[in-house]
Structure formats: C-alpha cells, structure tokens
Amino acid sequence: MRLGIVGGGQLARMLALAAASLGVRCRVLEPAADACAAVAAEHIRAPYDDAAGLRRLADDADCVSFEFENVPVASLDYLVDHAPVFPSPKALATARDRLIEKTLFRTLGIPTAEFRAVDSRADLDAAVAALGLPAVLKTRTLGYDGKGQAVLRDAADLAAAWAKLGGVPLILEAFVPFAREVSVIAVRGRDGESAFYPLTENTHREGILHLSFSCANDEMQAPAQDYANRLLDALDYVGVLALELFEADGKLLANEFAPRVHNSGHWTIEGAETSQFENHVRAVLGLPLGRTNALGCSAMVNFIGRLPPREAVLRLPAVHLHDYAKQPRAGRKVGHATLRVTDAASLHAALPGLLALAESDVL
Ligand code: AMP
C-alpha cells in the first residue's frame, strides 16, 4: 500500500516509520531540502501547491494525509479529485479557523470559554465589554505554538494587542484560570470504529509543549472522551484527532482540536499498545485499528533548540530517545524522549533526571 503525506517534518517522519513496519510505502511533499521524514519516505521536493508535486504525491496513493492543517485549499481540491484524502478537507477547514471550531464545539454541547469574533477595533472594545478582562486575543487562522495571540490583562493592553494582531480576522476568548491542560488523542477508522488513548496532561513553555504526562485512570477521561467522540461523529472523521482542553473548577473546557497526530501523543510510541502514528496509518488506509491501552505510565519531554548529548539521554533507564535529525535552531522542536515505567511513583522518581537534560541544552 502507498500513503502520501503533505509535509515532511517530524510528524511525517514518525508516520512513515510506523507505516514502514506495516509494509506501507510513504511519499512526502516538502519544499525543504532537509525534510526529516526522508529517512523513511520518498521525498518529493516541491512547494505544497506545486502541480507536478501534488500529482506525484497522489499518483498510485491509496490515501493522502497531511502533517499540518494549513494545507493550501487549492492543493486539497486537487488531491480530493485524485486520491482518497483523510482526514477530510471539512475537518481541516474547521480546525484551522478558531471561530468555526469553537462554534462547532458549542453546537455539539462541548463547553468552551466565552468567545466573540473580532473584525474591527470597535468589535474588540465591544467584546472586552462583554467578556471582561483578562482575556486572550487570537488570530482565527495560522496560529500555532502560542503565536498569533496576546493576553489582555487591563484596558491599557488593548492598543498594543490591536497593533500587533489587528487587520486579520480575530477571536477574543475569556481567560481560563485553568488548573491544568489536558488532551485526548482519538482515532476513528473508515468504518466508523473509534478508540481513545488515556488522557494526557500537558505543560507548555512560551506556548510550546514542554512536558506530557499520561497515566491511565485520569478522572477526566470520561468527559474528555465523550467530547472527542462527539467531534469524531459530527465530522465523520477518519484518522487521529487530538482534542486539547482546559480543566478549571473540576470541569473541562475545549480549547482546540488538531486534525492529525499530535505532539501530546508522542508518548504512545512506547507507552501504548499501538502508537498514534500506527493507528493514523491504519485508520486512513481502512485497516483495522490497534488497541490504545497504556503500557504503564509515561512522560514525554520535548527537546527544543538542540538535543542534549545522546549518551546522556541513553544512559537513563527506561528512557527512549527520538532524534528528528534536524539542525539546531532556537525554538525548534528537534527531538523528544519518552520515559515509560510501571507506575506513577516510579515516574515521579525518574522524571527529574530527564527534565534536567531537557533544561541544559535549550538555546
Ligand atoms: P492555543 O494556541 O489556543 O493552543 O494557546 C496556546 C496556549 O495559550 C494554551 O496551551 C494555553 O496555555 C494558553 N491559552 C490559550 N487560550 C487560553 C485561554 N482562553 N485562557 C487561558 N490560557 C489560554
């Protein structure tokens, strides 16, 4: 079987590695010369909207998928005419616009922070009057890793936030004083069968995921899974989906979903019976899904900027290194490591050693 992937970064790399062991050959479309997915996939070096590149990607493909949601619309239009595309363009369109996304959450009865569309400075004043402060102003599209947003703490912050973000469609959200951030990774096959991974607790730094932690039996599993399931069904979804939520006052509020494999699910490579990457490949190709149960407790730490010394990571027991083979650069995700042990107590005992390595080498 053959799978095409738009994008050739680390998500495509881990998809291609999982696909290879299932006997599935991958092609990736990626303009960068040093596409890190090329280690396990045929690299079509062309822009994401290049007609010849798209033709080669779809040629003979049993399915085309993607590793990021901002695939050019014209490219998607071409691909759907030439190969099955999963997740669907509708799922992508929903996820890439925060207003459409949050409106769908509300329609499905999934709680969110209060929000208002903001298209002018007058809208911003009206939205702040309605929601109060603090609040978070975000671009509706193209935001990632905390980019394209500003926290408004008092009225004096409005002018600077408008100067920074104004001119494109925006959304204002009430600030959620969350106790923690969690995500649930879900997968749905072409036949509608779905499965859910144990909940993941996530800590961000400067908008970038730093640490994910997953032990089975989180008390918020049931509501998180229920909300993800509503989304899967409403979108007639195929593939892996990550739903990110805030926990505040003992309740969950949905923040956003990613229509793809997600950084907060990297722990599933060693920490679950079937990884999110393998299950995405299985789902989009119409193969039976693998079991999603956890194998003990896991913590995943991102390496941002550059990797710690390889030997230092490999010396830690129960730690699994993933080096994406990317050039070091400030703020860039260049690798991760997952610590997998039998129980939460062992995890807490071993985690500081791994965290210390992640600290030592941030550029
Ligand atoms: P996002 O791009 O929506 O995932 O936001 C990036 C990060 O900003 C989140 O992981 C939160 O830590 C924080 N954040 C986003 N929206 C809110 C909000 N409405 N209230 C509080 N914190 C937020």
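The values are calculated or read from the model by the stated rules, or taken from the named source; none is laboratory data. What you see is a predicted model; the values in this text were computed from it and never measured. Reconstructed Cβ throughout: ideal geometry from the backbone, glycine too, with neighbour counts over all protein chains shown. For the accessible areas, the whole protein counts, side chains as well, though only heavy atoms, and no ligand, DNA or RNA atoms are used. Shrake-Rupley method; radii C 1.70, N 1.55, O 1.52, S 1.80 Å.
Return the pairs, sorted by first residue and then second, in which the second residue is of a type in the set (D, E), the first residue lies in the range 192-205 and is closer than 22 Å to V301 by Cα, the beta carbons are less than 6 Å apart, and the residues are 6+ apart or on different chains.
Listed pairs, sorted by first residue: L199/D218; N202/E181.
Just checking, does the range 212-225 include any residue being under 18 Å from the mean Cα position of the chain (by Cα), in contact (Cβ under 8 Å) with a residue 24 or more places away in the chain and over 30 Å from D191 (Cβ atoms)? Working first, answer last.
Start the filter on the range 212-225 by keeping residues that are under 18 Å from the mean Cα position of the chain (by Cα), which leaves 212-214, 224-225.
Narrowing further to those that are in contact (Cβ under 8 Å) with a residue 24 or more places away in the chain: 212-214, 224-225.
Then drop every residue that is not over 30 Å from D191 (Cβ atoms), which leaves 213.
Yes.
Every residue, every condition in (1) closer than 30 Å to G286 by Cα; (2) open to solvent by 10 Å² or more (accessible area, probe 1.4 Å), yes or no:
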{"residue": "E206", "(1), (2)": "no, yes"}
{"residue": "G239", "(1), (2)": "yes, no"}
{"residue": "A242", "(1), (2)": "yes, no"}
{"residue": "N255", "(1), (2)": "yes, yes"}
{"residue": "P259", "(1), (2)": "yes, no"}
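What number goes with the only condition from (1) open to solvent by 20 Å² or more (accessible area, probe 1.4 Å); (2) within 19 Å of the chain's Cα centre (by Cα) that D157 does not pass?
The one condition D157 does not meet is (2).
Can you confirm whether F68 is touching a residue at least 40 places away in the same chain (Cβ under 8 Å), under 20 Å from the mean Cα position of the chain (by Cα) and within 16 Å of the ligand (Cβ to nearest atom)? I'd like the intermediate steps shown before the answer.
Details: touching a residue at least 40 places away in the same chain (Cβ under 8 Å): yes; under 20 Å from the mean Cα position of the chain (by Cα): yes; within 16 Å of the ligand (Cβ to nearest atom): yes.
Yes: the conditions hold for F68.
Listed here are the residues, each with its yes/no results for (1) away from the ligand (no atom under 13 Å from the Cβ); (2) β-branched (V, I, T); (3) within 23 Å of R140 (Cα to Cα).
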{"residue": "A161", "(1), (2), (3)": "yes, no, yes"}
{"residue": "V168", "(1), (2), (3)": "yes, yes, yes"}
{"residue": "A179", "(1), (2), (3)": "no, no, no"}
{"residue": "D191", "(1), (2), (3)": "yes, no, no"}
{"residue": "F196", "(1), (2), (3)": "yes, no, no"}
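Across the range 105-154, what is the number of residues that are within 16 Å of the ligand (Cβ to nearest atom), hydroxyl-bearing (S, T, Y) and open to solvent by 30 Å² or more (accessible area, probe 1.4 Å)?
2
Would you mind telling me which numbered condition in (1) out of contact with any Lys or Arg (no Cβ under 9 Å at 6 or more places or on another chain); (2) surrounded by fewer than 17 Cβ atoms within 10 Å (Cβ to Cβ) A33 fails?
Failing condition for A33: (1).
Against the condition aliphatic (A, V, I, L, M) and open to solvent by 30 Å² or more (accessible area, probe 1.4 Å), how does A216 come out, does it pass? Let's see the steps before the verdict.
Details: aliphatic (A, V, I, L, M): yes; open to solvent by 30 Å² or more (accessible area, probe 1.4 Å): yes.
It is true that A216 is aliphatic (A, V, I, L, M) and open to solvent by 30 Å² or more (accessible area, probe 1.4 Å).
Mind counting the residues in the range 5-30 that are polar (S, T, N, Q) and open to solvent by less than 10 Å² (accessible area, probe 1.4 Å)?
Kept after step one, since they are polar (S, T, N, Q), are these residues of the range 5-30: 10, 21.
Of the ones still in play, those that are also open to solvent by less than 10 Å² (accessible area, probe 1.4 Å) are none.
Residues flagged as polar (S, T, N, Q) and open to solvent by less than 10 Å² (accessible area, probe 1.4 Å) within the range 5-30 amount to 0.
What strands (runs of 3 or more DSSP E) completely inside the range 1-69 contain at least 1 residues that are within 18 Å of N279 (Cα to Cα)?
2-6, 25-29, 63-66
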